[in-house]
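*Asks:* Shown below is the structure under consideration.
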Amino acid sequence: MTATAPAPSPARAARATAYLPRLALVLAALLASLFTAASPASAHAALTASDPKDGAVVATAPAQVTLSFSEQVAMGDDSIRVMDPQGKRVDTGELRDMCSGSTVRYGTALHSGLPNGTYTVAWQAVSADSHPVSGAFTFSVGAPSATSVSLPDRQAGGGPVGVVYDIARYAAYTGFTVLVGGAAFILLCWRRGSAERPLQKLVVRGWVTLTAATLAMLVLRTPYTGSGKFADVFDLDGLQAVLETKTGASFVSRLLLLGAAALFIAVLFGAYARRQKTSAAEAVDGTGAGTGDEAAAEAEKETSDLAFGLAIGGTVVAGGIAATWALAEHASTGIQPGIAMPVDILHLLAVAAWLGGLVALLVALHKVPDIEREAVQRFSKVAFISVLVLAVTGVYQSWRQLGSWSALTGTSYGRLLIIKVALVAVLVAIAYLSRKWTGRLGEVRSTEDAEAGANGEEPAEVLAGADVSRETSTGAGSGPGSDAGADADPRRAAQLARQRAAREKAREKQVRDADPGRAGLRRSVLAEAGVAVVLLAVTTVLTSTEPGRAAQLETNRSTAGPAVPNRAVKITLPFDTGGQNGKGTVRLELDPGRVGANTLHLWADGEDGKPLDLPEIKIAFTLPAKEIGPLPVAPDRDAPGHWSASGVQLPLAGEWRIDVTVRTSDIDQTTVQKNVKIG
């Protein structure tokens, strides 16, 4: 470095480094907005059916209420509550497990002798992918009535507890990505980085973040899936219940694996870092040259063996931590879980290797002055392989969770997936620019060092190091009596030490910024890291969003149209009682022909087509599939050959059988019937 090179002022250096915290604040605000938009977490298990159905009107009170779901759920004795119009519970509180095969159905018995009116069913459960689900609906006995029960407006997993839990979920993904990606960057791309303090801090902070987030989710699990009150974190019975669930077991397993990860970090930044530092020092000062080829080869073999052992152990631990997500969330439910869980583990590891390695590279470019071009090129290869793995596993996961092309644009999960794919495309485009800057990394410095060597001069880095060494040995304030004054005044000595450290850091920054390739690479990698943070946020929101398959099931259930067109049901039935004037036809009209209250009209005509005034006529409705009926109806005579009845209640949709009993004399009678679909 030349003597005329100006050192940056402290104010300018402060401004130069201030943009990183500001960028972090901007990204944090973006993440907060994403979480706010995503909270509460969408349901993952969809309610596919209920008996009675939502809004149904039944003739008599059912013996029980049953709920059917699209996937396995965890429910307790208090998970289904049925309340009468005054808000009093009318269920027995006993949960009935009615699951069989692929059918997931639970129910609760009702007290006998329930009066007519509108009843409210409120339910809450935890889906197999660990997310809480809840809902409510009403049905009526006899006829609808006013009710004082208000449906719950708080969804499971919502409120302040849900926000904190979602933040902890994001922090866990971030910590995993930084921990695994930073360690992979050191072992696969830049082994000398194990001795660099900035990278050590990065990996350790990733471990601390993941551990703290896992503990937070464990203690928040009870209020998150239950009351939504922070005070329930002290509920030891609730914590015990959580530990007995699949989600609780995954949290405990993750904490145990993090203990093994702590041992891995201790070896990586302890014995392994010391060996790397020793090897680097010997390479610089040449002390290792005289130790003999055999000793050098033995030292290299020991270092390589330790690196291989760390790589194997780290892969096992990282895979185990990734499995704690795969075993407790989306991959463990739905179709093909035996394939989906290993694929999900590979997907998470690829994300960590790419995005976590990107963060490690960014830290190295900003904090370490002499990262080699070869290290960046090796990371480029690792990132390329990670992108390939992400593409293959991502396509499979998308097919599995969406199920159809319409779900890609018709569900929240599909739209978030489109955003995620777009962000990946942007990230790959920026990575392509980073590869170009990697090719130019060190070109200017290499040219200057070559010219200095041809002129018999020392390279710039050596001169800078010599300047720092001279200042360290002579003191920054050299002059008459300066050393004596520093020795006599400890405060002055500390001030001089801080000045020397500031000048050393400024010179290192000047040497680092003298390479335009490095500066350009820093900018492109910083842009990559910014997009990666947004991508990680979208991915986290995606994990708490209802998959497309389940969302479509729920949509189909809620928007299913009637089994027949929304118009009156009209049928004509010929009859023959066998007596005099015993032949004719009856015409029946049921309006609107839907579940609930209907108006019935019936006309009887003789063989001559004229109205036939019958002595008696009776009607009954039966739903054989549900063993409902016969429900008798006694119509009123409005005119000769015309009868009607209002308020005819049909409680459920399905294939109903209508029986019409016609009597033409005291002894001549017959019953005719026909099946119709009621929507």
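*Asks:* Is it true that Val161 is open to solvent by 20 Å² or more (accessible area, probe 1.4 Å) and farther than 30 Å from His111 by Cβ?
*Replies:* no
*Asks:* Could you say which residue among Lys626, Lys610 is modelled with pLDDT under 85 and surrounded by fewer than 18 Cβ atoms within 10 Å (Cβ to Cβ)?
*Replies:* Lys626
*Asks:* Among the residues in the range 66-86, are any under 21 Å from Ser148 (Cα atoms), of a type in the set (Lys, Arg) and surrounded by fewer than 17 Cβ atoms within 10 Å (Cβ to Cβ)?
*Replies:* no
*Asks:* Is there any pair with a first residue in the range 637-660 that is at pLDDT 85 or above and open to solvent by 10 Å² or more (accessible area, probe 1.4 Å) and a second that is of a type in the set (Asp, Glu) and in a strand (DSSP E or B) whose Cβ atoms are under 7 Å apart and which are 6 or more apart or on different chains, and what are they?
*Replies:* Trp643/Asp636; Ser644/Asp636; Ser644/Asp638; Ala645/Asp636
*Asks:* Which helices (runs of 4 or more DSSP H) sit wholly inside the range 171-281 and have at least 1 residues that are open to solvent by 30 Å² or more (accessible area, probe 1.4 Å) and at pLDDT 95 or above?
*Replies:* By residue number, 197-225, 246-268.
*Asks:* To continue, here is another question. Does the range 95-105 hold any residues that are open to solvent by 20 Å² or more (accessible area, probe 1.4 Å), in a strand (DSSP E or B) and within 20 Å of Ala46 (Cβ to Cβ), and which are they?
*Replies:* Scanning the range 95-105 gives Leu95, Asp97, Ser100, Thr103, Arg105.
*Asks:* Of the residues that sit in the range 233-269 and are within 23 Å of the chain's Cα centre (by Cα) and of a type in the set (Val, Ile, Thr), which one is farthest from Ala183 (Cα to Cα)?
*Replies:* Checking each candidate, the answer is Val233.
*Asks:* Of the conditions (1) on the phi > 0 side of the Ramachandran plot; (2) open to solvent by 10 Å² or more (accessible area, probe 1.4 Å); (3) not polar (S, T, N, Q), Gly117 satisfies every one except a single condition; which number is it?
*Replies:* (2)
*Asks:* Return the total of residues in the range 60-89 being outside any loop (DSSP other than H, G, I, E, B) and modelled with pLDDT of 85 or more.
*Replies:* Qualifying residue count, the range 60-89: 10.
*Asks:* To continue, here is another question. Residues that are over 30 Å from Ser50 (Cβ atoms): which strands (runs of 3 or more DSSP E) entirely in the range 599-679 hold 1 or more of them?
*Replies:* Counting at least 1 such residues, we get 616-623, 636-639, 642-650, 654-663, 669-678.
*Asks:* Of the residues Leu346, Leu355, which single one is of a type outside the set (S, T, N, Q), closer than 24 Å to Trp207 by Cβ and modelled with pLDDT under 90?
*Replies:* Result of the check over Leu346, Leu355: Leu355.
*Asks:* A follow-up question, please. Looking at Thr92 and the list (1) in a strand (DSSP E or B); (2) open to solvent by less than 40 Å² (accessible area, probe 1.4 Å); (3) of a type in the set (Val, Ile, Thr), which single condition is not satisfied?
*Replies:* Only one criterion is unmet by Thr92, namely (2).
The values are calculated or read from the model by the stated rules, or taken from the named source; none is laboratory data. Keep in mind that what you see is a predicted model, and the values were worked out from it rather than measured. When we count neighbours, we look across all protein chains shown, and the Cβ atoms used for this are built from the backbone with ideal geometry, even at glycine. The accessibility values were calculated without ligands, DNA or RNA, using every heavy atom of the protein model including side chains. Shrake-Rupley method; radii C 1.70, N 1.55, O 1.52, S 1.80 Å.
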